[in-house]
Amino acid sequence: MKFLWRILGVTLFNFTFVKRQWMWIAQEAMFAISIAMLAYGWGGYAVIRSTIPVYIMISAWGFGANLVAQTVGYDRISREWERMIASRLTVFEYFIGVVLGTTPFILSPIAILTPIAIALDLGLKTIAIALLVSPIAMALGAFLSLAIVLRIKNPMNISAITNPLVIATTFLPPVLYPLAILPEPLRIASIAIPTVALAEITRFMSIGTCTTSLELSIASTAIWLIATAIAMIKVLRWGLEP
Amino acid sequence: MYAIEAVELGKRFGGFWAVKSVTFSIRERCIVVLAGPNGAGKTTTVRMLTTVFKPSKGFARVMGFDVVKEFKEVRKRIAYLPQDYGSPGDITPFEFIIYTLMMRGFSYFDARKEARKWIELLGLEKVAKNTLRVLSGGERRKTLVAATLASNADVVLLDEPTTGLDVEARYMVLKAIKDSTKILGSTVMLTTHMLEEGQLVADYVVFINSGEVVARGEPEELLVTVPYRYRVILEGISKKCLRNRYIDLGEKVITWTRNEEEARQLADVCRPSSFLVRDVTLEDVYLYIVGEKR
């Protein structure tokens, strides 16, 4: 039972930021509405039906890569980590608490896009599929970002690393725009980008279409998950630093 | 059993030994002051005792448990406030103490009860519901100390807990530390430069310099290790008249004498414009051992 209180302690500790800086949540919500408007404006129903599930998935990716990594990075700089290490709290409990405490950031795009999906008669399956892929996207984003952030000796501005990483993996590659617009050889190559592979999986599962082979996207995601998890675990130390 | 025991404890970063060899043992339910100049290795020593760093040599035990082999047992028994801890701004003192205690395994209800008690003990009632961002540095520091002491840990380690506090707040924090050993039975290790205050609460003092222990013992024991009994502050003199060790402060000079007679003779010889004599304190011991020498 005590471990639940410990997780709740970390959750509430992180949630105070969300509670008092709620405008960040409003920003997330505005962004979700804007993306839906852009997608519908440019491509109508055909585009928005794939954009909504992919955007939910990619929000989870950004949440892991940006927010979780930034929170962990800030806790290291502020020496909050040291305070927590010198207690019964385990690294697992800490991470669960951080994710739960900052969850409202990911809940806002879901809360905005779900009624839009229902209004456009996209079906709740679309949202359900996106929610199913989202934890994988979040974990992969967090692993990748932490594998980088935890290697920096004196991380003074974590967001200067995580923000470009998120932009470079969400808006630059064919995640929100169709993979089919790329020339043939680049389509296969772009599957090596984890967010493109995740977007392909999400599209296939929610609307039943994808540009490249599904197996290839699943393989790419699995390799990224294993590789980034190993890269992160190698540098993740909960005390007893050599 | 000792509450804290360090034997030839050392920590190396690359080719640099931040702590060369530190040996001391602290009995339970006492307050130990770890003192030394900047870069002496105080914080690194504390970080090894709190299982943040793995020692490069030697070993340490906290409440009988090895800080490396039995680190989980150590962590169950300690609470730590790091130096330069960057407190979050969007949390109130009340919330900060509650959530800190919950992170340590307290239920919300017990944590709330404890938070109320410590808010009152440290005089934070008026600001308990303001966010830390708008509090003064001293109020923030008191909140952090309260959250650490409230943990009811066997061993509490506070790295520079009185930094940034005004005189009144410093004494309030020191009283809370003293109370925590008396009421809760905790052993408290604190690092500080404020040795005169440390002297008020310390049961044991460890002086550390260049990564090594240079003196240790109870304050009374340490006071007699220096050959002087009085500190003399002289103003407007020629330094040539000084025979003992002294610290040059420009207009003023601090020196020491063995007895009152020697202090009077010093005044006769040097003819200062102002002259102040007082008993030696731990600060003088510190200056004698690690300070500027003639």
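The values are calculated or read from the model by the stated rules, or taken from the named source; none is laboratory data. These numbers come from a predicted model, not from an experiment. Using ideal geometry, Cβ is built from the backbone for each residue, glycine included, and neighbour counts are taken over all protein chains shown.
Within the range A:79-113, being over 18 Å from the mean Cα position of the chain (by Cα) and either under 30 Å from residue A:37 (Cα atoms) or among the charged types (D, E, K, R) (or both) holds for A:79, A:80, A:82, A:83, A:88, A:93. Residue A:145 fulfils the conditions (1) closer than 26 Å to residue A:122 by Cα; (2) assigned to a helix (DSSP H, G or I) except for a single criterion, (1).
Looking only at residues in the range A:1-43 that are under 24 Å from residue A:75 (Cα atoms) and not in a helix (DSSP H, G or I), which one is nearest to the other protein chains (Cβ to nearest Cβ)?
Initially, the range A:1-43 is screened for residues under 24 Å from residue A:75 (Cα atoms), giving A:2-25, A:27-28.
Next cut, not in a helix (DSSP H, G or I) only: A:21-22.
Details: A:21: 6, A:22: 11 Å.
Ranking the candidates gives A:21 first.
When residue B:253 is evaluated against the numbered criteria (1) crowded, with 19+ Cβ neighbours inside 10 Å; (2) more than 25 Å from residue B:41 (Cβ to Cβ); (3) in contact (Cβ under 8 Å) with a residue 24 or more places away in the chain; (4) not assigned by TED's automatic domain parsing to the domain that holds residue B:150, which criterion, by number, is the only one it fails? Result: residue B:253 passes all but (3).
Table: residues versus (1) modelled with pLDDT of 90 or more; (2) aliphatic (A, V, I, L, M); (3) more than 30 Å from residue B:30 (Cβ to Cβ).
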residue	(1), (2), (3)
B:213	yes, yes, no
B:231	yes, no, no
B:238	no, no, yes
B:241	no, no, yes
B:247	no, yes, yes
B:251	no, no, yes
B:258	yes, no, yes
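Any idea how many residues of the range B:32-58 are more than 18 Å from residue A:86 (Cβ to Cβ) and touching a strand residue (DSSP E or B) at 6+ places or on another chain (Cβ under 9 Å)?
So the answer is 10.
Report yes if residue B:46 is crowded, with 20+ Cβ neighbours inside 10 Å, facing chain A (nearest Cβ under 10 Å), out of contact with any helix residue (DSSP H, G or I) (no Cβ under 9 Å at 6 or more places or on another chain) and more than 18 Å from residue B:1 (Cα to Cα), otherwise no. Here the answer is yes, as residue B:46 does meet what is asked. The condition of being in contact with a strand residue (DSSP E or B) (Cβ under 9 Å, 6 or more places away or on another chain) and touching a residue at least 12 places away in the same chain (Cβ under 8 Å) holds for only one of A:85, A:56, that being A:85. Restricted to the range B:166-235, the set of strands (runs of 3 or more DSSP E) holding at least 2 residues that are of a type in the set (Gly, Ala, Ser) comprises B:212-217.
Results for (1) touching a residue at least 60 places away in the same chain (Cβ under 8 Å); (2) surrounded by fewer than 22 Cβ atoms within 10 Å (Cβ to Cβ), shown as yes or no for each residue.
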residue: A:96; (1), (2): yes, yes
residue: A:104; (1), (2): yes, yes
residue: A:110; (1), (2): no, yes
residue: A:113; (1), (2): yes, no
residue: A:116; (1), (2): yes, yes
residue: A:123; (1), (2): no, yes
residue: A:132; (1), (2): yes, yes
residue: A:135; (1), (2): yes, yes
residue: A:138; (1), (2): yes, no
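Scanning the range B:122-137 for residues that are in a loop (DSSP other than H, G, I, E, B), among the basic types (Lys, Arg) and either within 24 Å of the chain's Cα centre (by Cα) or farther than 24 Å from residue A:18 by Cα (or both) yields a total of 0. Yes or no: the range B:99-113 includes at least one residue that is surrounded by fewer than 23 Cβ atoms within 10 Å (Cβ to Cβ), among the acidic types (Asp, Glu) and more than 12 Å from chain A (Cβ to nearest Cβ). No, the range B:99-113 contains no residue that is surrounded by fewer than 23 Cβ atoms within 10 Å (Cβ to Cβ), among the acidic types (Asp, Glu) and more than 12 Å from chain A (Cβ to nearest Cβ). Against the conditions (1) modelled with pLDDT under 95; (2) of a type in the set (Val, Ile, Thr); (3) crowded, with 22+ Cβ neighbours inside 10 Å, residue B:155 satisfies every one except (1).
Would you point out the residue of the range B:59-91, among those that are crowded, with 17+ Cβ neighbours inside 10 Å and among the small types (Gly, Ala, Ser), that is farthest from the other protein chains (Cβ to nearest Cβ)? Among those residues, the one meeting the criterion is B:60. Can you find even one residue in the range B:213-236 that is surrounded by fewer than 19 Cβ atoms within 10 Å (Cβ to Cβ), in contact (Cβ under 8 Å) with a residue 24 or more places away in the chain, touching a Leu at 6+ places or on another chain (Cβ under 6 Å) and farther than 23 Å from residue B:158 by Cα? Yes: one or more hits. Number of residues in the range B:1-58 that are over 21 Å from residue B:282 (Cα atoms) and out of contact with any Leu (no Cβ under 8 Å at 6 or more places or on another chain) equals 22.
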